1. For the structure I just gave you, tell me whether B:ALA176 is open to solvent by less than 60 Å² (accessible area, probe 1.4 Å) and modelled with pLDDT of 85 or more.
2. Look at B:VAL34 and say whether it is assigned to a loop (DSSP other than H, G, I, E, B), touching a helix residue (DSSP H, G or I) at 6+ places or on another chain (Cβ under 7 Å) and at the interface with chain C (Cβ under 10 Å from one of its Cβ atoms).
3. Which of the residues spanning segment A:128-154 are of a type in the set (Ser, Thr, Tyr) and surrounded by 23 or more Cβ atoms within 10 Å (Cβ to Cβ)?
4. For segment A:284-353, list the helices (runs of 4 or more DSSP H) that sit wholly inside it and hold at least 1 residues that are open to solvent by less than 50 Å² (accessible area, probe 1.4 Å) and of a type in the set (D, E, K, R); which are they?
5. Using beta carbons and a limit of 6 Å, which pairs, at least six apart or on different chains, have the first residue in segment A:270-299 and in the same structural domain as A:PRO106 (by TED's automatic domain parsing) and farther than 17 Å from A:ASP130 by Cβ and the second one hydroxyl-bearing (Ser, Thr, Tyr) and surrounded by 24 or more Cβ atoms within 10 Å (Cβ to Cβ)?
6. Of the conditions (1) over 20 Å from the mean Cα position of the chain (by Cα); (2) in contact (Cβ under 8 Å) with a residue 24 or more places away in the chain; (3) open to solvent by less than 100 Å² (accessible area, probe 1.4 Å), B:LYS168 fails just one. Which one is it?
7. Looking at (1) within 14 Å of chain C (Cβ to nearest Cβ); (2) without any contact (Cβ under 8 Å) to a residue 60 or more places away in the chain; (3) of a type outside the set (Phe, Trp, Tyr), find the lone condition where A:THR236 falls short.
8. For C:VAL182, work out the one condition from (1) within 14 Å of chain A (Cβ to nearest Cβ); (2) hydrophobic (A, V, I, L, M, F, W, C); (3) open to solvent by 10 Å² or more (accessible area, probe 1.4 Å); (4) in contact (Cβ under 8 Å) with a residue 12 or more places away in the chain it doesn't fulfil.
Amino acid sequence: MIQAEYYNIFVKIIDQLAVLDFLPPVWKFILASVIAALVFFHVIAIFALVAIWVERKVAGHIQDRLGPMETGWHGVLQTLADAIKLLIKEDIIAGGIDRRLFVLAPVIVFMTALAVFVVFPVGENFIVSDLNIGILYIVAISTLVVPGIIMAGWSSNNKWSLFGAMRSAAQIVSYEVPVGLAIVCAVMAAGSLSMQTIVESQAGGFWNWFIFSKFPFGFIAFFIYFVASLAEINRTPFDLPEAESEIVAGYMTEYSGMRWSFFFLAEYGNMLAVGAIATTLFLGGWQTPISLLSFIPGPVWFTAKTMFLVFVHIWLRWTLPRLRVDQLMYMCWKVLTPFAFVSIFGIGLWMTF
Amino acid sequence: MQSVNQYFLNIYIAIKSVLIGMSITFRHLFTKSVTVQYPRERLPIPGTSRNLLLNKIEDCIGCDQCVRVCPVNCITMDTIKVFPEDDLGLASDGSKKRLWLPRFDIDMAKCCYCGLCTYPCPTECLIMTDEYEYATYERNDLVFKFTDLDPIQIAELKEKDHIRSMEKEKKKLETAKQAAAKPGKNGGKSGEGT
Amino acid sequence: MPEIKTDDVYIELGKHPKAGFATDDMILQMGPQHPSTHGVLRIECVTDGEIIKKATCHIGYLHRCFEKHAENVMWQGVIPFTDRMDYLASMGQNFSYVITVEKLMGIEVPERAEYMRVITAELQRIASHLMAYGTYGMDIGAFTPFLWAFREREYVLDLFEKLCGARLLYNYMWIGGVSHDVYDGFAEECMSFLDTFERVVFEEFNPILTYNKIFIERTANVGILSPELAIDYGITGPCLRGSGVDWDLRRDDPYSIYDRFDFEVITGKGEMGTVGDCWDRFMVRVLEMIESVKIIRQALQQMPEGPIMNEKIKKVIRVPAGRVYGRTEAPRGELGYYLISDGKGRGPNRLKARSPCFSNLSVLEEISRGCMLADLIAIIGSLDIVLGCVDR
C-alpha cells in the first residue's frame, strides 16, 4: 500500500541516521511511524491549546468582551492551566453505566481524529504516507467516529447522552454524502486519489486552485465541502449533538476530566483536519498563490490556509444560531446533495471538453 | 414553478443573512470591549449605592424603628433603660439618649439591601455605605456588632438591670398583695413583663 | 428476591420481543437543572424520539412563600419582596404593588414622582425585554446576541444604580412616591442611552438575530398560539399581543399617567409565518423596546419640578380597611395584586399576586404538543417566563 516512501519525511530522516544502521528496514519503518504518530499527537495537542485560546479570544472580542486575560500575556496560558486542571481532576465514572464502552469511547473518537493526519501533504516532501488512495482513506477513517460517539451516548445510560449520540450519528452519516460528492469534484479535476498528486495538479498560482480554476463548479464544491464538514465535526450552526440549550451536552454529558478533554481534543483535531482537507482539495495545499511569494516554504502556506479556515469556523460559531434536526436533514438532502451533483456534472463536462 | 422560485429564494436569503451576520460580528472584533477587569479596574460607586450597613453607635438612640421595619429581621437590638445616675449625653441631632445599647447586631448574611431601615432612622445614624467587599470564610463573621460597650460593662449593666427588675417585681408583688388585701381590685396591671 | 426474567417483563407489558419490535414512549425529565428552562422549571416530557407527545410543567422549586411573608411585614416591607418576585423586572413589580396600596389609601402621588415611576418602569421594560431577547437567542443557539443584549442592559442598570443605589432589586417606588429624586445629568445620560440603543437595535440586534434565516426557520410557525386560546388561558403581555390581540393595560386601562403619552401597541402580524408563532412573540418584544424609548423621551421632556413623596405619608403607614385589586402592565404581562386590609395591622392581612408568568406558562402543554424537542426550548423561551414570578 505504501507506494512512495520517498515522500515520507520521517522514514527519510531515520534512513539517514547512521546510528540506526544496525536496525532491519522493517524496524526502521516502525520507528519512523511511531515518531510520526507522536509528532502528530503533539501537533493536535498544541494546535488545540492554541485554537481554544484563539476561539475564546475571538468569541470575547466579537461579544465586546476581552476573553481570558489573567494567565500570561492576554491569557495565552489559560488553556494550559485548564488542561492541567482537567488532567488532575477526579475521574468520575457514574454508576449504572457500561464501563468498558464508556472508557473506550473517547479513545476511539480521538484515535480517528488523529489517524487522518497521516495523509496530509504539509509540504512538498512533508507527508507521513502518500497513499495512492489518500482521500478515500480520510473518508473511511473519519466515519469511524460514529461508533465512538454512539458508544459514548449509549454507555452513559443518560437520556440526554443518547439523544446526542442519535443526533450525531444521523448527522454524520447523512453529511458523508455531500462531503463525498464534493471530494469527488476535486478528485475528478485532479484525476487522482493521492493527496500529493491533487496538490501538485493545482500548481502555478492561485488561479489554478480548484476553487477558482473550475469556477463556478469548483467554488460550489468547496462551499458544499465547507458547510458539510462543519456538520461532520458538529460545529455551529450544526452543533445539535452537543446543543447546550437543548440536550445539555449531548453525548459528553456524563464525561468529565481527562476523558472529556479527549473529546474536546478530538473536536479541535477534527477542525484542523477538515481545514487541512479543504486546503488540500480546493485551495492548492502547500502551493504559493503567486510565484513571487515562492520563497516562503510550503508548510507555511499550508498552515496559513488551514488556520484561515479554522478561523472561519470559529467566526461562524459565534455568529449563527442552531438548526433543528429536520432542517439539518433538509439542508443535507435537498440543498447540498443536489448542488454537489450539479457541480460534479459541471466539472465532468469541463474535463471532457 | 413558485415552489422552485421559493427554493432558490430561500437559499439566497439564507446565504445573505449569514453573510450579514458575519460582517457584523467581524466589525465587532475590532470595536472596543466593555469589560472592566474588576480587581484592577473599578467602576465608581455612586453615592446612593446601598451596600454594607453601618451604624454610628454614638448617635444611636435605640428607638427600634429600624428593627421593626426590617422585612428580613436582620437587625437585633437589646436595650437597657438608663439608670438615674447615668448620663449618655445627646445624639448629634440633639435628641437625648435614654437607652444603653449592649447589643446592636446586623447580620449582613440576612440583609436584603432594601434600605428601608435607613429611612425612618431619626438621628440618621444607620446608613448604607459603599463598601461591598466583605466576603468572609465564616458565616458568623458576617454578623457585624456595633455596640461600643465592652463585655465587662455589658455584664455589669445587665446585673444592674436585673437587680432593678427584681426590685420592680418585688414592688409589684407587694402592691399586688396590698391590692389582694383590699377586695374588688384583683390583679391590677399584670403581664408587663421584663 | 425472586429472579425476574426479562422475558416475563416483556410478556407482562404485552411487548414480547418475539412478538415484534418493542417500542415505548420515553419519559424525559427536563430540569430543574437544565440550561434553558430559565430557572428551576421541571418539564416532564413524554417523547417519541425527538417528538414531544406531552409536556407537563412541574413548578414550585422556587417557592418562597411571598404571599405569606407579606402578611408578616409592614406595608413598605412588602416592596423588597415584590422586587424578588420577578427579579428581571423589579420596577414593574414595585409599581404594581404601590399603586394597589395607594388605591386603597386613596392618596395622590406627586406629579414628579409619577413621571419618575413611568421613566423607570419603561427603562425596566427595556432591560427586561433585552434579557428576553438575549436568552432567546441563546436558546436557539446564538451566543453573541446574548452578550450584546447584556451590554445594553448594563447601561440601564448603571442608570438605576446611580438613581437609587441598587442594580437589580431596587425598592425604588415607595408608597406615596419614589425613594430618590433624579441626580444631575440623569436626563442627558438617559437620552444618550436611548439614542445609541435605538441605533443598536436596528443595526445590530435585528440583522444578527431577528432577520437571520436560521432563526426565522427555527421560530416561525412554531408554537402557534391562537388568539382564542391565548384569551382562554389568560395570557397577557407580549405573548397575548404576539397572537394579534390588541390589548395593553397602559392604553386600555390607563394607570398612573400613561394616558399622557403617545405610543403604539405592538401586535403580532404573522410576518414570517402564522400569527401567534414564536417569532411574532419575539418581535413584539423587540418593537416594544422601541415604543418604550418613545415613552421615556416624552416623559423626560414633560417632567415637572416638585416633591417626590406625598407629604401625608408617615413613617408608619396606616391603610384603611378594605379590599382592592390593582394591576399594571409589567414587562411580562398583567401583574395584579389583590390586597385585604383590616385597617389595624401594620401590613396587609392577605395579599395575592396575579403573576403574568404563571398564566403564560400554563399554555405550554397546549402549544407544545407534537413539536420537536428543540421547538419545546424555543416555545419556553418565547413565553419569557421568570420562575421567581411563577412560583413566587
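The values are calculated or read from the model by the stated rules, or taken from the named source; none is laboratory data. Every value quoted in this text rests on a predicted model; they were computed, and no experiment measured them. Counting neighbours? That spans all protein chains shown, and the Cβs are built from the backbone with ideal geometry, glycine included. These area figures cover heavy atoms from the full protein model, side chains too; ligands, DNA and RNA do not enter into them. Shrake-Rupley method; radii C 1.70, N 1.55, O 1.52, S 1.80 Å.
1. yes
2. Yes; evaluated as a whole, the condition is true for this residue.
3. The answer is A:SER142, and nothing else.
4. A:298-317
5. Listed pairs, sorted by first residue: A:VAL274/A:SER229; A:GLY275/A:THR306; A:ALA278/A:TYR225.
6. (3)
7. Of everything listed in (1) within 14 Å of chain C (Cβ to nearest Cβ); (2) without any contact (Cβ under 8 Å) to a residue 60 or more places away in the chain; (3) of a type outside the set (Phe, Trp, Tyr), A:THR236 misses just condition (2).
8. (1)
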